[in-house]
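Everything on this sheet refers to the single structure shown next.
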Amino acid sequence: MSFEEYAYGENRYRVLKKANPEAAAKLMEAATKETRTRFDLYRKLAEMKADCGAE
């Protein structure tokens, strides 16, 4: 499920899209980019091994 599908499942995003489609599109683009970036960061963090100085 994409962020857009998730977001437009919530009333607050549907209302914004109806009231101001241009702003909603710009905000959705920015939010989608941020979501992808954050997800990639979490994926990289999950792949890291915890060393904690142990030998």
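Each value in this text was obtained by applying a stated rule to the coordinates, not by laboratory testing. Worth saying up front: this structure is predicted, and the values here are computed from it rather than measured. Neighbour counts run over all protein chains shown; Cβ positions are idealised from the backbone, glycine included.
Does anyone have the angle between helix 21-47 and the longest principal axis of the chain? Alpha-carbon axes, 0 to 90°, nearest 10?
That works out to roughly 10 degrees.
Show me 37-50, 8-21 ranked by packing, highest mean number of other Cβ atoms within 10 Å first.
Details: 37-50: 8.4, 8-21: 11.8.
Final packing ranking: 8-21, 37-50.
Note the full-extension length gain between Asp51 and Tyr8 as 0.36 nm times their separation in residues minus their Cα-Cα distance, in nm to one decimal. Walk me through the intermediate numbers first.
Details: separation 43, 0.36 × 43 = 15.48 nm, distance 4.10 nm.
Stretched out fully, the Asp51 to Tyr8 stretch lengthens by 11.4 nm.
When the helices in the chain are scored as -39500 (n - 2.57) per DSSP H run of 4 or longer and the sum is shared across all residues, what 222 nm value do you end up with, to the nearest 500 deg cm²/dmol?
Working: 3 runs with 41 residues, N = 55.
Roughly -24000 deg cm²/dmol at 222 nm, from the helical runs in the chain.
Sequence gap of 8 or more, or different chains, plus Cα separation below 21 Å: how many lysine pairs satisfy both in the chain? Intermediate results must be reported in sequence, preceding the final value.
Working: Lys17/Lys26; Lys17/Lys33; Lys18/Lys26; Lys33/Lys44.
Taking the Cα cut-off of 21 Å, the pair count is 4.
Given (i) 4, 18, 20, 17, 11, 8, 7, 5, 4, 4, 2, 1; (ii) 4, 17, 19, 21, 20, 11, 5, 2, 0; (iii) 4, 15, 15, 14, 12, 12, 12, 11, 4, 0, which label gives P(r) over Cα pairs in 5 Å bins from 0, in percent as computed from the coordinates?
Checking each listed value against the structure points to (i).
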